[in-house]
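Take a look at the structure below.
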Amino acid sequence: MADDYLSDREQEEALRLWWRENWPWIIGGIVLGLALLAGWQYWKTHRAQQAEQAFELYREYQNAGEDPNKAVSAFDRLNAEYATSPYTMQARLLQAKKHVDAAEYDEAVQHLQAVIDRAQDAELVHIARLRLSRVFIQQGKYDEAVGLLNPDTAGAFAAQMREIRGDALFERGDRDAARAEYAAALAANADAQVDRSMLEMKLQQTGGELPAAGFQGQP
């Protein structure tokens, strides 16, 4: 019994010694963990608040209606304070459309290029590329329009990119290349977001043959 009692005392003393040597590290680790947790919660709250504030500015931009001064003011604030927000990217797409409608193509290019460069949403980037390529066609920059679009990495946007590439090539006078793009667009998939009847007309216009009846595209 004495040996067991002595062993317990030795263990207790060793524990006390270990605690004296290590308690600063243990307490420090706990404090650091709590600080990190608090920082994470603060960051999430801050991000949520920023998103909400960006949305309010975006809604103000949308509600400006036909008042260009209000629209420009709301957009400038949105871009200055939340330059990479998805709401800013959406506003840029709308601004680009307004410029295109007014035949202000250079201004539209600036907004669309900014979305391509800054948007963190791949879908928004694809949309901006599609629209920018159409603006390039309007400007007669056919090579730029073709080079901007890579259908092989576009996923669900591949057919649309193929069609626009075909339009640019056709305008450039390369009917064979345009025909190949239109045919590829039709073959991309049955659910592609394209006007199939318009595509078929473009394909025939370039001397292509329509797919066999009942063709459903690649699996």
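Quick rundown of the values:
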read-out: Residue within region 185-200 that is at pLDDT 95 or above and either among the acidic types (Asp, Glu) or over 22 Å from LEU93 (Cβ atoms) (or both) present; value: no
read-out: Matching option when the condition is at pLDDT below 95, closer than 19 Å to LYS202 by Cα and either among the small types (Gly, Ala, Ser) or within 22 Å of the chain's Cα centre (by Cα) (or both), among ALA158, ALA102; value: ALA158
read-out: ALA96 vs. criteria part of a helix (DSSP H, G or I), within 20 Å of ILE127 (Cα to Cα) and among the hydrophobic types (A, V, I, L, M, F, W, C); value: yes
read-out: Checklist (1) hydroxyl-bearing (Ser, Thr, Tyr); (2) modelled with pLDDT of 65 or more; (3) farther than 30 Å from LEU93 by Cβ applied to TYR42, failing item; value: (2)
read-out: Counted residues, region 65-78 - those being surrounded by 13 or more Cβ atoms within 10 Å (Cβ to Cβ) and either closer than 15 Å to ALA119 by Cα or not hydrophobic (A, V, I, L, M, F, W, C) (or both); value: 4
read-out: Inter-residue pairs, beta-carbon under 6 Å, first more than 15 Å from PHE55 (Cα to Cα) and without any contact (Cβ under 8 Å) to a residue 24 or more places away in the chain and in region 87-99, second of a type in the set (Gly, Ala, Ser) and assigned to a helix (DSSP H, G or I), 6+ apart; value: HIS99/ALA108
read-out: Residue within region 143-153 that is of a type in the set (A, V, I, L, M), without any contact (Cβ under 8 Å) to a residue 60 or more places away in the chain and surrounded by fewer than 20 Cβ atoms within 10 Å (Cβ to Cβ) present; value: no
read-out: Identity of the residue in region 79-130, among the aliphatic types (A, V, I, L, M) and more than 20 Å from GLN160 (Cβ to Cβ), that ends up surrounded by the most Cβ atoms within 10 Å (Cβ to Cβ); value: ALA91
read-out: Total residues in region 49-90, condition assigned to a loop (DSSP other than H, G, I, E, B) and under 18 Å from the mean Cα position of the chain (by Cα); value: 4
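The values are calculated or read from the model by the stated rules, or taken from the named source; none is laboratory data. What you are looking at is a predicted structure, and each value in this text was computed from that prediction instead of being measured. Because the Cβ atoms are built from the backbone with ideal geometry, glycine has one as well, and the counts that use them run over all protein chains shown.
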